[in-house]
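*Asks:* Structure in structure tokens, see below.
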Amino acid sequence: MNRRVLVVGAILVLPLVWVLGMGLGKDPKRIESPLVGKPAPAFELVDLAGNTVRLEDLAGKPALINFWSTWCVPCVYEHPVLVAAARRYRDRVQFIGVIYQDEPTTIRAYLARSGAWGPSLIDPTGRTAIAFGVYGVPETFILDRSGTITAKYDGALDPATVDALLAEVL
Amino acid sequence: MATRGVGLGLALLALLLTSAPALVAQDSAAVELDPRLGVPDDAPLSGPALEALTQEISSLIRCPVCQGLSVADSPTTSAVAMQDEVRRLLAAGYSGDQVLVYFETSYGEFIRLEPKAQGFNLVVWIAPFAFLLIGAALVAMRVRSSRAQLADNASRSAPRSASQSQEESQDVDHDPHNEPERDPSLEAYRQRVREEVKP
Amino acid sequence: MMSLLGQSLVLVGLAACAVGAPLAFTAGARRSQVGVTAARWLAHLFSVAMVLATATMIVALVRHDFSVSYVAEVGSLATPLVITIVSLWSSLAGSILLWGLILALFTTIYCLTDRASQIDESAYTLGTLLSVGLFFSFLIAGPANPFGTTPSPIPLDGPGPNPLLQNHALMIIHPPTLYLGYVGMVVPFAIALAALLAGRMPAKRLQTMRTWLLVPVGFLSLGIMLGGWWSYEVLGWGGYWAWDPVENASLLPWLTAVAALHSAMAQQRRGTLKAWTIILVLVSFLLTILGTFLTRSGVVNSVHAFSQSSIGPTILTFFGICLVAVVVILALRVDRLQSAPASEALTSRAGAILLNNLVLVAFTFTVLIGTLFPIIAEAVRGVKVSVGEPYFNRMAIPLGFGLLFLLGVGPALPWGTSDSRQVRKALLTPLPAALVGMVLMAWLGKPSGSLLLTGALGGYALWVTFDQALRPGRAGRGKRSGTRQGFSLLAVMRSPRRLGAYVVHFGFIMTFIAIAVSSTFQTDAEATLQAGDTMEIGEYQLRFEALRVVEEPHLTAQRARMVVLRREGGKELAILEPALNVYPSQREPLAAPAVRSSPTHDLYLTLMNTGLDGTVGIRAILTPAVIWIWIGVLMMSLGTVLCLMPNRRPSTTLEGPVEQATEGGAA
């Protein structure tokens, strides 16, 4: 029995298996946003109707900011969920959509068909999406009354998730 | 990588030469809504120097919708938008480091395509060198011990070279140029060895 | 019906391994010839079962039998026949089945060609092979079962295979080639482990192991290249290697196996490094299992990783068992393998091989820690970090230069230690070639440090490679006719192994230079074009003619018709159609580039976006010498094939009989 081989082997093997085991339960695609708990990035965008919307305008009331586009399949799924939620939370929460890499004309046609749930802000350079650290649409940010981000959600929303996310800021 | 380093050097040089402050000032001062960005560290940048630095910095930012590609490499619209943002910030005079920090505060450390060399991340930067050093030390020890061995062999050269000739006869590649001069008495011994190994 | 048939066949294979593995080990311990023969028959049974199971799956795929779970997962009525067959490896369960098939076939081929002189050597090897077979047939029978029954109602149609697989013909050959390399590593592993268990590694056995090591190395080289080529032709970013975890996973065993091939040579020549060679072979196999875990468990972000699969823990358990078994067996038996005492001076061939091993293993370690670091960082800090191209390039490029340097210097050095005058002469003679290489690189017009270094080291290595490869031709003639002139190609051809090794080296140098040149001189241009607009890049002018939308069963493609013209004179050269493919299942449209290759450079067009007003965003990339990267690696694979051929020597040479004796084991 060569002890040296055994010891060196154990030193190499055990941490390796431990680390790989630790990696198993985790989803490599799920990334925590560093913005949660921080003030939302400032923005100044124009919506489809031509009105300017600034971050400051949202102060005083909780807000749900959703990044979406018409070419994104999960966004299409969550659209009716947002329409219903916007109706349900009408007076208590501001619902803001930010268009991610899409054309205003396409958006208008889409909204005419499927119904709108809030102002749709156009982010022509994608600068606001970058400031919010958007990895891919749909992504949803929840802002409390002071404009601090309390939660970020990746992927299509369902009614229960919307309720849970908003419960914290109401 | 080395070319990128040269690119960065050129960019910095150009930056020193063209630091005419007024060029983009009115633009940049008005645009930055985001307080996280703060005040630019460097002077505004334009032309080839800007392009070079944009390339340099975007190659360090991970494209969020791709698989392990940098923003500089990826052709996707998101990556192009991010590269444009990098270019805009650099043009306004933010330093490469400021731009990277800005992206990191939005996206998290994941967005950096190479880990920041600080804290625990130093492991990934240092371990390969440590490994190479330990390996080199082991090789050096082996060479030293074989030097002693060789000196030892030289004093008892006859039997050792005999066993060597057997080894050489099994070689896959036969290389007369690299072999020592054949002396006749040794050749006879070789012949005998070959006879013995013959099946 | 097909499910039941397939499942039964897999169970037959599982049973054959479950009985055969312990039988083989016992037969080895008792040196029972009957036991070994019985285990061989069980190995053949395993093979037959896997061949039939795979055939069953192919029949089910072709007949669109959606009652079989795997067919329901990847099949679709609209998919063309070839793609339907290829979808055997388009998803997890099917690829594991293919894995099992290749493993079984390798086991059978080993049994048929086994010439071990001692019963225990063959028995332990077979036992190890069947143990690995036991694990994979268990995986196919249970956790990754492709033959599950679809719960009713059975669907009438399926979703079809992953869109990325349908994009390019290279995807038909890339995965099986890579699997042949990956799985092939099991045979040298089994031989090495058996050598430890038996406590001896005679020269003949070493030669057998080397031969079996060449097989996976050749396939891995080819598979890695095909993967790079595929990503170049399909992924649309103009590159071929992104240090993706899966690419790294295929590179790791290649690196250690190449190190093992070289140290085995030192062992054959000088009887040293015996245990070290064995460790490298064992590690090569362990790295293929680690790679399988990384790519099949979803712990890393990657192009290829199948999302969050359930077989991760199973593979990790197997990996753990293998690691422990290897460490324990090594600790128990390594002292029995007697190496000749170390006798390398640094300035000798053996010394260069030591350094080559050091660089290759350091390379392996760097790639390994870079690939695993995101997992490590998350386990330790709870934060996700990325380790990507900039890191790997920074770390790997110096090591690559180290390899190129050794590849030039090593073969120039004589075996053993001789006087320093001879060494100096051998090292100085090729220096003019280094100078020529450097001048040539400078002449290309953008002299950077790394390019000049590539030229110098490459030129030096080329000289040495040709000099060494052709040496038997010169020597043979010289000996017989007594003149120093004249050259016999026949003599060169007579030792294909020696020639093969230098062909591999030549391919490596070619690849290295091509990578350096292509990455230094790549230029690109981007433009937004209206119909009729033109853009320019290098010697070309590109005219955008029209955008058309093509509806195909599984995708909608927007194709931009681009006319390629010569900038001067406006001669029309070609029409390229870069496209954006929109798959319903994909978040973003996938760019399908269009490439025009020539011996000097590639013109690479990507359609980046399309505007509502009919404009297109085009990115054009001009990269020199890309084609030589593929050709270089192809030469490396061909050289490996040459190395597998038996050497033929004129019978007048004294080495003849002994040479043939060692060949017996290799054949």
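*Asks:* Limited to the stretch C:188-208, what total is found for residues that are aliphatic (A, V, I, L, M) and either closer than 17 Å to residue C:250 by Cα or in a loop (DSSP other than H, G, I, E, B) (or both)?
*Replies:* Step one: list which residues in the stretch C:188-208 are aliphatic (A, V, I, L, M), which gives C:190-198, C:201, C:203, C:206.
Those still in the list that are either closer than 17 Å to residue C:250 by Cα or in a loop (DSSP other than H, G, I, E, B) (or both) too: C:201.
Number of matching residues: 1.
*Asks:* So, one more: I'd like the full set of residues that are under 24 Å from the mean Cα position of the chain (by Cα) and more than 9 Å from chain B (Cβ to nearest Cβ), limited to the stretch C:376-397. Explain how you work it out, then say what you get.
*Replies:* Within the stretch C:376-397, the first condition is being under 24 Å from the mean Cα position of the chain (by Cα), and the residues that meet it are C:387-397.
Across the stretch C:376-397, the qualifying residue is only C:396.
*Asks:* Right, something else. Scan the stretch B:130-146 for residues that are more than 7 Å from chain C (Cβ to nearest Cβ), open to solvent by 60 Å² or more (accessible area, probe 1.4 Å) and more than 13 Å from residue C:354 (Cβ to Cβ) and jot them down.
*Replies:* Start the filter on the stretch B:130-146 by keeping residues that are more than 7 Å from chain C (Cβ to nearest Cβ), which leaves B:130, B:133-134, B:137-138, B:140-141, B:144.
After this cut, where a residue has to be open to solvent by 60 Å² or more (accessible area, probe 1.4 Å) as well, the list is B:133-134, B:138, B:141, B:144.
Matches in the stretch B:130-146: B:133, B:134.
*Asks:* Shifting gears a bit: I'd like to verify a number: residues in the stretch A:32-62 that are touching a Leu at 6+ places or on another chain (Cβ under 9 Å), facing chain B (nearest Cβ under 10 Å) and either farther than 27 Å from residue B:104 by Cβ or exposed (fewer than 13 other Cβ atoms within 10 Å of the Cβ) (or both), how many?
*Replies:* Here the count works out to 1.
*Asks:* Out of everything in the stretch C:142-197 that is in contact with a strand residue (DSSP E or B) (Cβ under 9 Å, 6 or more places away or on another chain) and farther than 13 Å from residue C:72 by Cα, what residue ends up being surrounded by the most Cβ atoms within 10 Å (Cβ to Cβ)?
*Replies:* C:166
*Asks:* A further question on this structure: Can you find, within the stretch A:93-113, the residue that is nearest to residue A:154 (Cα to Cα) among those that are touching a helix residue (DSSP H, G or I) at 6+ places or on another chain (Cβ under 8 Å) and not in a strand (DSSP E or B)?
*Replies:* Filtering first and then ranking leaves A:100.
*Asks:* To continue, here is another question. In a helix (DSSP H, G or I), without any contact (Cβ under 8 Å) to a residue 60 or more places away in the chain and facing chain A (nearest Cβ under 10 Å): is that true of residue C:334 in this structure? If you could, list the steps in order and put the result at the bottom.
*Replies:* Numbers: in a helix (DSSP H, G or I): yes; without any contact (Cβ under 8 Å) to a residue 60 or more places away in the chain: no; facing chain A (nearest Cβ under 10 Å): yes.
Spelling it out, it is not the case that residue C:334 is in a helix (DSSP H, G or I), without any contact (Cβ under 8 Å) to a residue 60 or more places away in the chain and facing chain A (nearest Cβ under 10 Å).
*Asks:* Here is a follow-up. Anything in the stretch C:609-636 that is within 13 Å of chain B (Cβ to nearest Cβ) and surrounded by 21 or more Cβ atoms within 10 Å (Cβ to Cβ)? List them, or say none. Let's see the steps before the verdict.
*Replies:* At the first step, the residues of the stretch C:609-636 found to be within 13 Å of chain B (Cβ to nearest Cβ) are C:609-611, C:616-621, C:623.
Within the stretch C:609-636, C:616, C:618, C:619, C:620, C:621, C:623 meet the criteria.
*Asks:* Can you tell which of C:363, C:401 is open to solvent by 10 Å² or more (accessible area, probe 1.4 Å), free of Cβ contacts under 8 Å to residues at least 60 places away in the same chain, in the same structural domain as residue C:276 (by TED's automatic domain parsing) and assigned to a helix (DSSP H, G or I)?
*Replies:* Details: C:363 fails: free of Cβ contacts under 8 Å to residues at least 60 places away in the same chain.
It is C:401.
*Asks:* With the condition being modelled with pLDDT of 85 or more and within 15 Å of the chain's Cα centre (by Cα), I'd like the strands (runs of 3 or more DSSP E) fully within the stretch A:1-76 carrying at least 2 qualifying residues.
*Replies:* On the way: elements: A:44-47, A:52-54, A:63-68.
Correct list: A:63-68.
*Asks:* Within the stretch C:488-497, is there a residue that is more than 30 Å from the chain's Cα centre (by Cα) and open to solvent by less than 40 Å² (accessible area, probe 1.4 Å)?
*Replies:* We begin by selecting, within the stretch C:488-497, every residue more than 30 Å from the chain's Cα centre (by Cα); these are C:488-491.
Remaining after also requiring open to solvent by less than 40 Å² (accessible area, probe 1.4 Å): C:488, C:491.
The answer is yes, given that some residue of the stretch C:488-497 is more than 30 Å from the chain's Cα centre (by Cα) and open to solvent by less than 40 Å² (accessible area, probe 1.4 Å).
*Asks:* Considering the stretch C:595-607 alone, what residues qualify as being in contact with a Ser or Thr (Cβ under 7 Å, 6 or more places away or on another chain) and not acidic (Asp, Glu)? Don't jump to the end; show me each part of the working.
*Replies:* Residues of the stretch C:595-607 in contact with a Ser or Thr (Cβ under 7 Å, 6 or more places away or on another chain): C:601-602, C:604.
Passing the criteria: C:601, C:604.
*Asks:* Moving on to the next point. Take the stretch C:97-117 and flag every residue that is surrounded by fewer than 23 Cβ atoms within 10 Å (Cβ to Cβ), touching a helix residue (DSSP H, G or I) at 6+ places or on another chain (Cβ under 7 Å) and modelled with pLDDT of 85 or more. Steps first, answer last, please.
*Replies:* Kept after step one, since they are surrounded by fewer than 23 Cβ atoms within 10 Å (Cβ to Cβ), are these residues of the stretch C:97-117: C:98-99, C:102, C:105, C:108-117.
Those still in the list that are touching a helix residue (DSSP H, G or I) at 6+ places or on another chain (Cβ under 7 Å) too: C:98-99, C:102, C:105, C:108, C:110-111, C:114-117.
Within the stretch C:97-117, C:98, C:99, C:102, C:105, C:108, C:110, C:111, C:114 qualify.
*Asks:* A follow-up question, please. Step by step: first the residues of the stretch B:113-129, then only those that are within 7 Å of chain C (Cβ to nearest Cβ) and within 19 Å of residue B:101 (Cβ to Cβ), then the one that is surrounded by the fewest Cβ atoms within 10 Å (Cβ to Cβ). Which residue is that?
*Replies:* Going through the stretch B:113-129, the residues within 7 Å of chain C (Cβ to nearest Cβ) turn out to be B:113-115, B:120-121, B:124, B:127-128.
Okay, now just the ones that are also within 19 Å of residue B:101 (Cβ to Cβ), so B:113-115, B:120-121.
On the way: B:113: 26, B:114: 24, B:115: 24, B:120: 14, B:121: 20.
Checked the stretch B:113-129; the qualifying residue surrounded by the fewest Cβ atoms within 10 Å (Cβ to Cβ) is B:120.
*Asks:* In addition: Working only within the stretch C:606-630, note down all residues that are in a strand (DSSP E or B) and more than 24 Å from residue C:162 (Cα to Cα).
*Replies:* Let us first name the residues in the stretch C:606-630 that are in a strand (DSSP E or B), namely C:606-610, C:616-624.
Selection gives C:610, C:616, C:617, C:618, C:619, C:620, C:621, C:622, C:623, C:624.
*Asks:* Which of (1) open to solvent by 20 Å² or more (accessible area, probe 1.4 Å); (2) touching a strand residue (DSSP E or B) at 6+ places or on another chain (Cβ under 9 Å) is the odd one out, the single condition residue C:68 does not satisfy?
*Replies:* Tallying (1) open to solvent by 20 Å² or more (accessible area, probe 1.4 Å); (2) touching a strand residue (DSSP E or B) at 6+ places or on another chain (Cβ under 9 Å), residue C:68 fails exactly one: (1).
*Asks:* Turning to a different aspect of this structure: Being of a type outside the set (A, V, I, L, M) and in a helix (DSSP H, G or I) is the filter here; which residues of the stretch C:420-445 pass it? Lay out the reasoning, then the answer.
*Replies:* Initially, the stretch C:420-445 is screened for residues of a type outside the set (A, V, I, L, M), giving C:420-422, C:424-425, C:429-430, C:432, C:437, C:443, C:445.
Within the stretch C:420-445, C:420, C:421, C:422, C:424, C:425, C:432, C:437, C:443 meet the criteria.
*Asks:* Could you check the stretch B:91-112 and list, in sequence order, the residues that are away from chain A (no Cβ under 14 Å) and either buried (at least 24 other Cβ atoms within 10 Å of the Cβ) or over 23 Å from residue C:392 (Cα atoms) (or both)?
*Replies:* Let us first name the residues in the stretch B:91-112 that are away from chain A (no Cβ under 14 Å), namely B:93, B:95-98.
Result: B:93, B:95, B:98.
*Asks:* With C:290, C:273 as the choices, which residue is under 17 Å from the mean Cα position of the chain (by Cα) and at pLDDT below 95? Don't jump to the end; show me each part of the working.
*Replies:* Numbers: C:273 fails: under 17 Å from the mean Cα position of the chain (by Cα).
The conditions single out C:290.
*Asks:* With the checklist (1) in contact (Cβ under 8 Å) with a residue 24 or more places away in the chain; (2) surrounded by 19 or more Cβ atoms within 10 Å (Cβ to Cβ) in hand, flag the one item residue C:420 doesn't pass.
*Replies:* Result: residue C:420 fails condition (2) only.
The values are calculated or read from the model by the stated rules, or taken from the named source; none is laboratory data. The shown structure was predicted, so the numbers you read here are calculated from the model rather than taken from an experiment. Here Cβ is always computed from backbone atoms with ideal geometry, including for glycine, and neighbour counts include all displayed protein chains. Note: accessible area is taken over every heavy atom of the protein model, side chains too, but ligands, DNA and RNA are not part of it. Shrake-Rupley method; radii C 1.70, N 1.55, O 1.52, S 1.80 Å.
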